[in-house]
Amino acid sequence: MNPILFKNIVILTGAGISAESGIRTFRDQDGLWEEHRIEDVATPEAFARSPELVQRFYNARRAQLKDPKVQPNAAHLALAELEKHWEGDFLLITQNVDNLHRRAGSKNLLHMHGRLDRIRCLSCEEEFEWTEDLPVDEDCPHCGIRRALRPDIVWFGEMPYFMEEIYAALDKADLFISIGTSGNVYPAAGFVSLAWKARKIEINTRDTEISAAFAEHLVGAASIEVPKLIQLLLDEEN
Ligand code: APR
């Protein structure tokens, strides 16, 4: 690392950062999409066609968050530590729908693809914290309508959350770090190009679809590479 002082940090994380916490990624060997077709479980059309199947898929993933073995790992913890000590702007954007960044202590955190531990009502649009299984015929706790509750997950074909906030942060970022994402899914895969004045670092166990857009590559497991990089950044700040 150059001993440059950065002010505005934007970090993007993907499934790879939670892999070592026991949560499967999507596109690696043994990834979730090997067993499920996206169009069967992760689109609004799938939910309209077969809500049972879709709820079952997300119920299983939600239940996994309660597994005592699933805990934030050293990479999640290091990001929370960086935020705590950083004097400039800091934004953590995650594509993950698990709760590991929050449990690690990250605060300025945007779940652009939604959250497994929330649901919302298609009828009244209320949102609720929800950590249990969600049966298809559950009544909405707010408006009482039946069969209108869905996971608060951004499905394929839907608009990710917080885009204005994200674009504004990317525009002024001077350091952009992408961790554990394959660069297959837009708009997140395009963030690196929008961080036009940032130094760009990619952390991944291997090359990705968007590796060429990064100036630096730290190749290795997130739990090792993220704490190392963050230590450097914090040392530079002091
Ligand atoms: N450390 C660092 N990187 C890792 C690790 C690890 N321990 N394990 C896996 N990776 C990397 C893989 O090499 C891969 O590039 O994490 C990436 C995971 O890629 P995907 O499975 O495609 O996950 P992600 O990029 O987050 O997917 C984006 O696609 O299906 C949708 O909505 C879903 O948010 C998700 C989006």
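The values are calculated or read from the model by the stated rules, or taken from the named source; none is laboratory data. Quick caveat: nothing in here was measured; it's all calculated off a predicted structure. Reconstructed Cβ throughout: ideal geometry from the backbone, glycine too, with neighbour counts over all protein chains shown.
Things worth noting here:
- So VAL41, is it farther than 19 Å from LYS69 by Cα, assigned by TED's automatic domain parsing to the domain that holds LEU233, at pLDDT 90 or above and more than 8 Å from the ligand (Cβ to nearest atom): no
- The C-beta contact set for region 20-43 (first residue within 14 Å of ARG61 (Cβ to Cβ), second residue basic (Lys, Arg) and within 10 Å of the ligand (Cβ to nearest atom), distance under 9 angstrom, 6+ apart or interchain) comprises GLY31/ARG24; LEU32/ARG24; TRP33/ARG27.
- The helices (runs of 4 or more DSSP H) located wholly in region 26-109 that include 3 or more residues which are polar (S, T, N, Q) occupy 51-64.
- Any hit, region 154-172, residues being touching an Asp or Glu at 6+ places or on another chain (Cβ under 7 Å) and either modelled with pLDDT of 95 or more or closer than 16 Å to ASN96 by Cα (or both): no
- For region 48-70, a residue qualifies if it is under 20 Å from the mean Cα position of the chain (by Cα) and surrounded by fewer than 14 Cβ atoms within 10 Å (Cβ to Cβ), and the qualifying residues are ALA60, ALA63, LYS66, ASP67, LYS69.
- Residue count for region 47-79, restricted to those that are touching a helix residue (DSSP H, G or I) at 6+ places or on another chain (Cβ under 6 Å) and within 13 Å of the ligand (Cβ to nearest atom): 6
- Residue check for PHE191: among the aromatic types (Phe, Trp, Tyr) and either on the phi > 0 side of the Ramachandran plot or buried (at least 18 other Cβ atoms within 10 Å of the Cβ) (or both): yes
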